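Structure record follows, encoded as structure tokens.
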Amino acid sequence: MMSSTAPPDMPAGDGDGDMETLPLASDYASVASTFDPLLSSAAAAASPPSPTIAAAAAFPLSPSSSSSFVDPPSYADVAASSSSSPRSASASASASPRSAASDYALIAVSDPTPEAEPAATSLVPGSAPTYISYLVTSARRGDHRRHAVRRRFRDFVTLADRLAEAFRGHFVPPRPDKNTVESQVMQRDEFVAQRRAALERYLWRLAEHPAIGPSDELRVFLQAEGKMPLPSTTDVASRMLDGAARLPRQLLAGEEAVAAPQEVVQPAKGGRDLLRIFKELKQSVVSDWGGVRPPLVEEDKEFLDKKQKLQDWEQQLTSASQQAEALVKAQQDMGETMGALGLAFIKLTKFETEEAMYDSQRIRAADSKRIATAAVKASRACRDLNTQTVKYLDTLHEHLGIMLSVHTAFSDRASALLTVQTLMSDLASLQLRIEKLEAAASKIFGGDKSRLRKVEELRETIRATEDAKCCALREYERIKENNRSELNRLDREKKEDMLEMIKGYVTSQAAYAEKIVEGWETVAEETSGYARRSDNNIAW
């Protein structure tokens, strides 16, 4: 890493501790041509020595200072230190306007600690499976107490499942992926640091959400002591086993053929009712492939228009994100190339100084040192600029992540609509069966008691189905309202985020470009003697 203080053998410069420079005299060209056999001419050799010879000899270049160059910090180091630091991650999240308006003043994920699985047994001591737990610290605004709990990644998965069930139709921020392959490829410490930062950002996104931030689900996760219990509503394996055990009784004995009201408000997939899954699958196939118009369709034109615009927006966002990655790579290469150029000129300076026989060679060594200094400064600026570019253009990646939440919310809406369509189709089918049974019973004198009893059973089923349909319809309307409010919120935040991104990106590009230009302009002024000599040669 490059130090900000000058080495002991280097005189302090203009604040950066850069290499010393030699002032160029106005007759730089005559000095160079007189004392350099490669540049000497008959006319130049006949001219008397210039007073600048003494000045050049009075400021010899130090060999040690010419080689005192350390490669500047790499972009990877800068980017990693800015993204993986707990302090920087917390500061950047709490400094955002939306996090400042949340119910939480502090959310921090720190102290990753390996722990052994409680039920794990191993024949070899010390080889039991382990996992990483994180210390989650939080504090609500207006509350001086701080809550600190231990959570593992599985607990974050449980939290995400609970939120997905409780906030259908909302744009719930997606949790970080498990990244099993990445954990095998990357170094353990690096992977844990990245996951810690990602989990902290995830909790802040939840806290910033107007509906999830004040929720009991998030509060329990941040404050409840002990391990997070896995609720039965999220145990997918047990639900599927229960559904497989109930299916024969539903098909043969008609047991619980109608979904309970508390079940229809949740999606069919992953539920205990496999018969409902098959019915909704049938309804979907009939509507999509059979050309049969369902009893209820999506007629919200405003929603359909916004949905199509969001799909187009996602395509443009993906393209912009790819170009942003290419820009970051190009700026990284520029910074590394500038650093290599500075190192090359440092070596050239050292060679010229050690092998110099004439003062003009020492002057050229001073010029090489100036170029090396400017190249090193430009390399630093490019790398710092790249860090700023990642900071601002990361908004594109964040909004791509939001699109995952948007798709999930729209899927909740489609699933709720499919449930209502299926129940309405079931009601129509049941009503048709009653009409057929009544028609058949009317042909028999005195009525067919078995058919009439079956009619009463079907009417009871219709009443239960009506109750389920009303619950499903209310859930569908609730999800529609959640979609509407979330789309409005997304429009506001998108405008704010994009404006902030553009302002920050343009400002940083202009500032660092000006800084680099100033460095090279200084070199151009200090080496202007070359230009005057070239003009004199042309005139001669």
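The values are calculated or read from the model by the stated rules, or taken from the named source; none is laboratory data. Keep in mind the model is a prediction, meaning the values are calculated, not measured. Backbone-built Cβ (ideal geometry, glycine too); neighbour counts: all protein chains shown. Only protein heavy atoms, including side chains, enter the accessible area calculation; ligands, DNA and RNA are left aside. Shrake-Rupley method; radii C 1.70, N 1.55, O 1.52, S 1.80 Å.
Some observations on this one:
- The charge dipole of segment 301-529, taken about its Cα centre with unit charges on the Cβ atoms of Lys, Arg (+1), Asp and Glu (-1) only, comes to about 1120 debye.
- Remark: segment 335-409 carries a charge dipole of roughly 180 debye about the Cα centre, counting +1 on each Lys and Arg Cβ and -1 on each Asp and Glu Cβ.
- Rounded to the nearest 20, the size of the Cβ-charge dipole of segment 352-482 about its Cα centre is 380 debye, with Lys and Arg at +1 and Asp and Glu at -1.
- Accessible heavy-atom area order of E190, E208, highest first, probe of 1.4 Å: E190, E208
- Expressed as a fraction of 2.2 N^0.38 Å, the C-alpha radius of gyration for segment 400-540 is 2.63.
- Cα-projected label distance for R154 with L499, points at 7 Å along beta-carbon direction, nm: 4.7 nm
- P(r) weight above 28 Å for segment 301-529, C-alpha pairs, percent: 63 percent
- Annotation: peptides 512-518, 199-205, 343-349, ranked by per-residue average of other Cβ atoms within 10 Å with the highest first, follow the order 199-205, 343-349, 512-518.
- Which of A326, C382, L296, positive extreme of dipole for segment 293-394 (C-beta unit charges): C382
- Q311 paired with K436, simple spin-label distance in nm, labels 7 Å along Cα-to-beta-carbon: 3.8 nm
- Candidate cross-link partners of K449 among the lysines, defined by an alpha-carbon separation under 18 Å and a same-chain spacing of 8 or more, comprise K436.
- Multiplying the residue separation of D189 and T507 by 0.36 nm and subtracting their alpha-carbon distance yields 111.0 nm.
- Mean Cβ neighbour count within 10 Å, used as a protection proxy, ranking 365-372, 459-466, 499-506 highest first: 365-372, 459-466, 499-506
- Highest-first packing order for the peptide set 475-482, 322-329 is 475-482, 322-329, based on the mean count of other beta carbon atoms within 10 Å.
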